[in-house]
């Protein structure tokens with residue numbers, strides 16, 4: 001009874017949160033729970049899901065050669081470079097920009113942020129002519145001109161080069177929301193801390209960065225890290241878009257997200273696709289946990 | 001934006017100038033592909049195919065714009081219909097996302113209702129995941145709701161924007177409780193307080209959430225590809241993806257595609273330039289503590 005009257009007392013709060021909570025539950029929470037549920041079934045989209053226990057996961061980690069040989073190692077390589085690499089680049093750029101004075105700062109920040117606006121379909125269109133495999137491709141043309149290469153390189157269709165192109169393009173567009181958060185964080189560090197630091201014997205900018213700036217903006221750095229992880233793992237289509245082939249040539253750009261779509265929307269083995277998504281969700285959760293333990297500001 | 005006086009100023013004017021110059025060159029390198037796409041969109045045919053390729057357009061014209069809209073003018077669904085869908089959906093979703101997120105963020109920040117911590121923890125948890133990974137169950141939800149092939153199918157899935165609620169909640173945390181108390185003493189109820197105190201105080205955060213919602217919905221291919229069967233219900237980015245499917249290693253239609261890329265990019269860019277300072281001031285409160 002006491003709880004009920006308490007709930008009733010806050011009825012307006014519940015009304016306020018209702019629209020979001022309903023959408024949030026329907027389109028994010030329930031799908032994640034459903035994905036976990038489906039991952040233990042055989043489901044082809046037509047018949048009812050049939051419970052098959054851990055078989056999907058067993059197949060995934062022991063027999064799915066495409067997954068083990070390409071998707072897993074490609075995603076690992078892609079994520080390790082694009083995730084921490086893009087994050088470090090965002091932070092470094094944000095720090096450099098914060099040291100600019102006057103009106104220039106705004107425009108430099110804008111220039112860094114603009115590429116992230118092209119994420120998705122526009123990115124393909126921008127990069128295809130630049131990376132085109134014939135001599136008309138801008139990169140090929142330039143490199144031929146300065147005699148760096150002898151024959152045009154197939155930047156997006158050669159299996160040896162596709163992954164590098166994917167990484168380069170993704171890094172280029174990685175100064176997004178996380179970058180803005182970190183820039184704002186650096187700009188808002190309390191000025192008196194720097195003055196105090198100077199008195200305490202901080203000699204150069206790097207000491208200042210390490211002992212004052214970073215500890216003061218841990219919360220923004222954590223937000224940036226979470227955003228970096230999300231962007232890294234959701235990027236999947238880029239290999240297909242750049243190379244124009246699905247699956248990518250010799251699976252060179254095959255990421256876990258592609259593997260999910262492959263099973264979910266092409267082979268209609270949705271139970272198995274769900275198992276792969278659950279695996280990816282666990283990986284993302286692990287990466288986030290790691291960031292939380294690195295940047296947690298609660299225990300200090 | 002709080003400007004701090006840097007205690008470790010580079011000693012000479014030359015150093016400062018050099019640093020600025022390096023940063024400007026770096027920025028130009030970053031936006032090189034963007035400058036390029038602007039040029040590409042205005043190139044006439046003979047310049048698109050020229051060898052060696054030229055970066056800058058020599059004789060700009062609007063032939064590519066004409067081509068993009070004429071190429072589909074005679075088909076059942078013209079490009080303008082996709083564009084109309086995109087504009088409508090984006091406008092509705094910007095209004096919807098900001099309203100729904102603000103409504104949720106206010107109690108989440110100021111009312112100690114039972115379940116608040118659980119909800120906030122769930123939102124933080126879901127920040128970590130991304131809808132791209134759970135497309136199949138999302139598809140099942142949408143088809144069971146019976147909103148396939150309707151504008152609701154475009155709109156409702158994007159209304160659940162944990163990042164928006166999170167940013168607004170962190171921003172509302174900064175608003176002193178005294179202001180809300182004062183409004184209540186003056187006899188305002190929750191709705192009036194929300195409209196008269198909370199909304200005006202967190203305009204920067206609302207602007208930020210609106211920008212993110214616009215970016216998200218303007219470039220969204222997922223809802224069109226999965227939840228819409230009829231072509232006249234699909235949006236502009238989806239149309240683009242059909243246009244560019246065979247574009248890889250192919251020069252034909254590059255001009256039209258460049259125009260389309262501009263249409264995708266320019267609205268985002270303009271809105272961001274206008275609201276940049278508001279975004280930065282919101283992001284200062286974005287930290288996860």
query: residue A:110: under 27 Å from residue A:295 (Cα atoms), free of Cβ contacts under 8 Å to residues at least 12 places away in the same chain, within 14 Å of another protein chain (Cβ to nearest Cβ) and part of a helix (DSSP H, G or I), yes or no?
result: yes
task: Output the number of residues of segment B:264-289 satisfying the condition of being facing chain A (nearest Cβ under 9 Å), part of a helix (DSSP H, G or I) and either surrounded by 18 or more Cβ atoms within 10 Å (Cβ to Cβ) or in contact with a helix residue (DSSP H, G or I) (Cβ under 7 Å, 6 or more places away or on another chain) (or both).
output: 12
Check on residue A:125, facing another protein chain (nearest Cβ under 10 Å), at pLDDT below 80 and not in a loop (DSSP other than H, G, I, E, B): yes
message: more than 12 Å from chain A (Cβ to nearest Cβ) and either surrounded by 24 or more Cβ atoms within 10 Å (Cβ to Cβ) or in a helix (DSSP H, G or I) (or both): is that true of residue B:197 in this structure?
response: yes
- request: Just name the residue that is nearest to the other protein chains (Cβ to nearest Cβ) out of those in segment A:241-252 that are under 17 Å from residue A:73 (Cα atoms) and surrounded by fewer than 24 Cβ atoms within 10 Å (Cβ to Cβ).
  value: A:249
- request: Looking at (1) modelled with pLDDT of 90 or more; (2) facing another protein chain (nearest Cβ under 9 Å), find the lone condition where residue A:39 falls short.
  value: (2)
message: Take residue B:244 and tell me if it is closer than 30 Å to residue B:141 by Cβ, buried (at least 18 other Cβ atoms within 10 Å of the Cβ) and at pLDDT below 85.
response: yes
- prompt: Among (1) assigned to a helix (DSSP H, G or I); (2) free of Cβ contacts under 8 Å to residues at least 12 places away in the same chain; (3) facing chain B (nearest Cβ under 9 Å), which single condition is residue A:202 missing?
  reply: (1)
field: Residues located in segment A:163-199, provided they are under 25 Å from the mean Cα position of the chain (by Cα) and not in a helix (DSSP H, G or I)
entry: A:173, A:174, A:175, A:176
- request: Look at residue A:256 and say whether it is touching a helix residue (DSSP H, G or I) at 6+ places or on another chain (Cβ under 6 Å) and more than 9 Å from chain B (Cβ to nearest Cβ).
  value: no
message: Against the conditions (1) farther than 26 Å from residue B:237 by Cα; (2) buried (at least 17 other Cβ atoms within 10 Å of the Cβ); (3) more than 18 Å from the chain's Cα centre (by Cα), where does residue A:156 fall short? Just the number, please.
response: (1)
query: Is it fair to say residue A:49 is in contact with a strand residue (DSSP E or B) (Cβ under 7 Å, 6 or more places away or on another chain), farther than 28 Å from residue A:253 by Cα and either touching a residue at least 40 places away in the same chain (Cβ under 8 Å) or within 13 Å of chain B (Cβ to nearest Cβ) (or both)?
result: yes
task: For residue B:188, indicate whether it is modelled with pLDDT of 90 or more and touching a helix residue (DSSP H, G or I) at 6+ places or on another chain (Cβ under 9 Å).
output: no
- request: Say whether the condition of being closer than 30 Å to residue B:13 by Cα, in contact (Cβ under 8 Å) with a residue 12 or more places away in the chain and buried (at least 18 other Cβ atoms within 10 Å of the Cβ) is met by at least one residue in segment A:120-132.
  value: no
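The values are calculated or read from the model by the stated rules, or taken from the named source; none is laboratory data. Because the structure is predicted, anything quoted here is derived from the model rather than measured. Positions of Cβ are generated from backbone atoms using ideal geometry, with glycine treated the same way; all protein chains shown enter the neighbour counts.
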